[in-house]
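Let me begin by presenting the structure, written as structure tokens, before commenting on it.
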Amino acid sequence: MNTKYVFVTGGVASSLGKGIVAASTAKLLQARGLRVTIQKFDPYINIDPGTLNPYEHGECYVTEDGAETDLDLGHYERFLDIYTSKANNVTTGKIYNTVITKEREGAYLGKTVQIVPHITDEIKRRMLLLGRTGQYDVVITEVGGTVGDMESQPFVEAIRQLQWEMPEEDLICIHLTLVPYLAAAKELKTKPTQHSVQTLQQAGVHPDIIVCRTEKELSSELRRKMALFCNVKPGNVIQSIDAPTIYHVPFLMHEEGLDAKVCDLLGFKDLPEPDLSALRKFCDDLEHPLHEVNIALVGKYVELQDAYKSILESFVHAGVANRTKVNVIYVHSEFLNEENVQEKLGSMDGVLVAPGFGERGLEGKVVAVRYARTRGVPFFGICLGMQMCVVEFARDVLGWEDAASTEVNAYTTHPVINLMEDQKSTTIKGGTMRLGAYECQLQEGSLAHRIYGRDLIRERHRHRYEFNGEFLPQFEAAGMKATGRNPQTGLVEIVEIPEHPFFIGTQFHPEYKSTALHPQPIFVEFVKAAVALKEGR
Ligand code: GLN
């Protein structure tokens with residue numbers, strides 16, 4: 001059987017949860033035994049989101065193979081328990097880069113290079129690339145942005161051409177819209193959906209299924225009306241009603257018959273019903289916690305929910321593993337200081353200091369580390385958070401008052417965090433950090449070793465600076481141990497304070513590998529330590 005393609009487009013508004021609907025569709029097909037992958041096409045011109053500030057586009061997600069990608073890839077991995085890769089996130093920038101490079105190489109000699117066919121051909125090639133590996137029965141492609149945007153047009157045109165070229169049962173298009181409820185009129189409104197589908201149809205793409213985000217149940221009458229005006233089969237308008245959590249969405253979509261319709265349209269016959277038992281148990285446990293803890297997330301992008309997406313989701317997974325409701329309380333590092341730290345962190349059962357870049361909010365992070373270290377509050381520092389726990393220890397325990405990361409202070413006499421050697425010659429900013437998964441050897445008897453229960457782990461990275469090994473003997477003598485190192489280079493990946501009830505900093509980002517069914521072990525133990533602190537109080 002040919003590989004089948006499902007395209008997911010969106011209209012009316014952004015932030016409707018297209019990524020979750022796409023991931024839920026993928027989950028349902030996977031749970032029926034199909035081999036599924038999912039990819040994201042983003043219309044912006046950056047080659048990847050690695051150079052974007054989280055305020056612009058939320059978290060930058062990092063794959064095993066070191067791609068800096070859209071945060072939706074995180075949802076795909078968390079839902080499907082698969083690894084995505086560089087090939088799973090394509091941007092307008094990547095498409096143009098390829099075409100322009102080919103033009104310079106002479107690939108189109110004599111021809112005018114145009115959006116149609118050259119750009120659209122390259123988009124189509126990338127859309128079909130994963131399918132051509134033969135590894136998948138279904139490739140789901142989520143197209144970022146909303147139809148009608150100028151920058152989405154080449155992508156929509158590529159889908160139109162594929163819809164025209166391919167056998168009908170090999171490709172379907174799901175269009176996600178919003179059906180707003182007008183409180184004053186006490187009515188759900190279908191017009192925005194009609195307009196959005198019209199826009200799609202004007203571009204020549206006809207949706208097979210319309211998924212409507214809604215706060216209230218859609219009556220059969222409304223569904224029929226939208227089906228008629230949008231020219232889709234009655235029954236192919238389905239609702240995506242607000243769910244208690246994103247992990248409930250696959251169940252809601254299944255109740256609406258989404259997966260059955262998709263299978264039917266793509267010609268998959270006699271597939272078993274989806275086996276969602278593991279996810280069902282996860283959701284049940286999520287809804288029925290036995291404990292509750294407050295964990296401070298200290299960072300500088302706290303105004304934006306999406307900036308720390310993978311960390312938040314890791315806490316959901318780790319909470320379920322501990323049957324604990326984890327309230328993540330954002331603490332703005334820019335406004336945290338010695339005077340207000342007690343007030344801000346006093347009721348916290350754990351403190352996580354977040355990753356980040358640059359100087360803003362850095363001293364607040366040091367204050368948070370000091371509080372957790374000296375009060376015996378469970379502490380977890382990730383990347384910049386780990387680097388700041390090293391700085392804090394150097395200043396307070398080793399007495400090196402000006403200890404710093406050279407990221408913000410090039411003239412410190414104690415550069416305890418230092419630019420990595422191979423970064424020194426790098427001037428290009430995009431895609432040049434130490435990225436993706438590397439091995440880390442754990443020291444026997446350490447907290448990390450107990451947590452993972454293994455000698456060798458692989459975790460993902462995104463950084464330019466590292467622990468300065470020159471100072472390691474002094475740190476270890478004073479009680480901060482390097483318990484995880486890269487076996488090839490010796491780079492310090494994990495620091496711990498064994499005297500403390502739970503104090504760990506990781507240069508890597510464990511949050512990228514936590515999934516609903518495989519919670520990340522450091523998060524699990526961190527939450528456990530927070531529960532222990534709370535119950536012992
Ligand atoms: N800015 C630090 C570095 O580049 C930390 C990066 C991060 O937290 N992801 O090393």
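Every residue, every condition in (1) crowded, with 21+ Cβ neighbours inside 10 Å; (2) farther than 24 Å from L491 by Cβ; (3) within 16 Å of the ligand (Cβ to nearest atom), yes or no:
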{"position": "K325", "(1), (2), (3)": "no, yes, no"}
{"position": "E359", "(1), (2), (3)": "no, no, yes"}
{"position": "R373", "(1), (2), (3)": "yes, no, no"}
{"position": "G385", "(1), (2), (3)": "yes, no, yes"}
{"position": "C389", "(1), (2), (3)": "yes, no, yes"}
{"position": "R395", "(1), (2), (3)": "no, no, no"}
{"position": "G399", "(1), (2), (3)": "no, yes, no"}
{"position": "A403", "(1), (2), (3)": "yes, no, yes"}
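For V492, the conditions (1) within 16 Å of the ligand (Cβ to nearest atom); (2) surrounded by fewer than 19 Cβ atoms within 10 Å (Cβ to Cβ); (3) without any contact (Cβ under 8 Å) to a residue 40 or more places away in the chain all hold with the exception of (2). Counting only helices (runs of 4 or more DSSP H) that sit completely within the range 210-276, those holding 2 or more residues that are open to solvent by less than 40 Å² (accessible area, probe 1.4 Å) and in contact with a Leu (Cβ under 7 Å, 6 or more places away or on another chain) correspond to 249-255, 258-266. When the test is whether a residue is in a loop (DSSP other than H, G, I, E, B) and among the charged types (D, E, K, R), K124 does not pass it. Looking for something touching a residue at least 24 places away in the same chain (Cβ under 8 Å), farther than 23 Å from G17 by Cβ and part of a helix (DSSP H, G or I) - is there at least one such residue anywhere in the range 320-331? Yes.
Given the criteria open to solvent by less than 20 Å² (accessible area, probe 1.4 Å) and either part of a loop (DSSP other than H, G, I, E, B) or under 23 Å from T199 (Cα atoms) (or both), does G19 qualify?
Yes.
Might you let me know whether the range 41-53 holds any residue that is in contact with a Leu (Cβ under 9 Å, 6 or more places away or on another chain) and open to solvent by less than 10 Å² (accessible area, probe 1.4 Å)? Among the residues of the range 41-53, at least one is in contact with a Leu (Cβ under 9 Å, 6 or more places away or on another chain) and open to solvent by less than 10 Å² (accessible area, probe 1.4 Å), which makes the answer yes.
Can you name the residue in the range 277-314 that is closer than 24 Å to G346 by Cα and among the polar types (S, T, N, Q) and is also most open to solvent (accessible area, probe 1.4 Å) among such residues? It comes out as Q305. When the residues of the range 109-150 are filtered to those that are of a type in the set (S, T, N, Q) and without any contact (Cβ under 8 Å) to a residue 24 or more places away in the chain, which remaining residue is surrounded by the fewest Cβ atoms within 10 Å (Cβ to Cβ)? For the range 109-150, the residue satisfying everything is T112.
State whether one or more residues within the range 333-355 are surrounded by fewer than 17 Cβ atoms within 10 Å (Cβ to Cβ), acidic (D, E), part of a loop (DSSP other than H, G, I, E, B) and away from the ligand (no atom under 16 Å from the Cβ). There is at least one residue in the range 333-355 that is surrounded by fewer than 17 Cβ atoms within 10 Å (Cβ to Cβ), acidic (D, E), part of a loop (DSSP other than H, G, I, E, B) and away from the ligand (no atom under 16 Å from the Cβ). Condition first: surrounded by 23 or more Cβ atoms within 10 Å (Cβ to Cβ), touching a helix residue (DSSP H, G or I) at 6+ places or on another chain (Cβ under 7 Å) and in a helix (DSSP H, G or I). Can you find one or more residues in the range 55-72 that meet it? Yes, because at least one residue in the range 55-72 is surrounded by 23 or more Cβ atoms within 10 Å (Cβ to Cβ), touching a helix residue (DSSP H, G or I) at 6+ places or on another chain (Cβ under 7 Å) and in a helix (DSSP H, G or I).
Whether any residue in the range 410-422 is β-branched (V, I, T), near the ligand (Cβ under 10 Å from one of its atoms) and surrounded by 14 or more Cβ atoms within 10 Å (Cβ to Cβ) is what I want to check. Yes: one or more hits. For G145, the test of being under 23 Å from A22 (Cα atoms) and touching an Asp or Glu at 6+ places or on another chain (Cβ under 8 Å) is passed. Of all residues in the range 241-281, those being in contact with a helix residue (DSSP H, G or I) (Cβ under 7 Å, 6 or more places away or on another chain) and free of Cβ contacts under 8 Å to residues at least 12 places away in the same chain number 1. Has the range 440-458 got any residue that is open to solvent by less than 30 Å² (accessible area, probe 1.4 Å), within 14 Å of the ligand (Cβ to nearest atom), out of contact with any His (no Cβ under 6 Å at 6 or more places or on another chain) and touching a residue at least 24 places away in the same chain (Cβ under 8 Å)? Within the range 440-458 (the criterion being open to solvent by less than 30 Å² (accessible area, probe 1.4 Å), within 14 Å of the ligand (Cβ to nearest atom), out of contact with any His (no Cβ under 6 Å at 6 or more places or on another chain) and touching a residue at least 24 places away in the same chain (Cβ under 8 Å)), the answer is no, since none of the residues qualifies.
The values are calculated or read from the model by the stated rules, or taken from the named source; none is laboratory data. Note that the coordinates shown come from a computational prediction; the quantities given were computed from them, not determined experimentally. When we count neighbours, we look across all protein chains shown, and the Cβ atoms used for this are built from the backbone with ideal geometry, even at glycine. The area values use the complete protein model at the heavy-atom level, side chains included, leaving out ligands, DNA and RNA. Shrake-Rupley method; radii C 1.70, N 1.55, O 1.52, S 1.80 Å.
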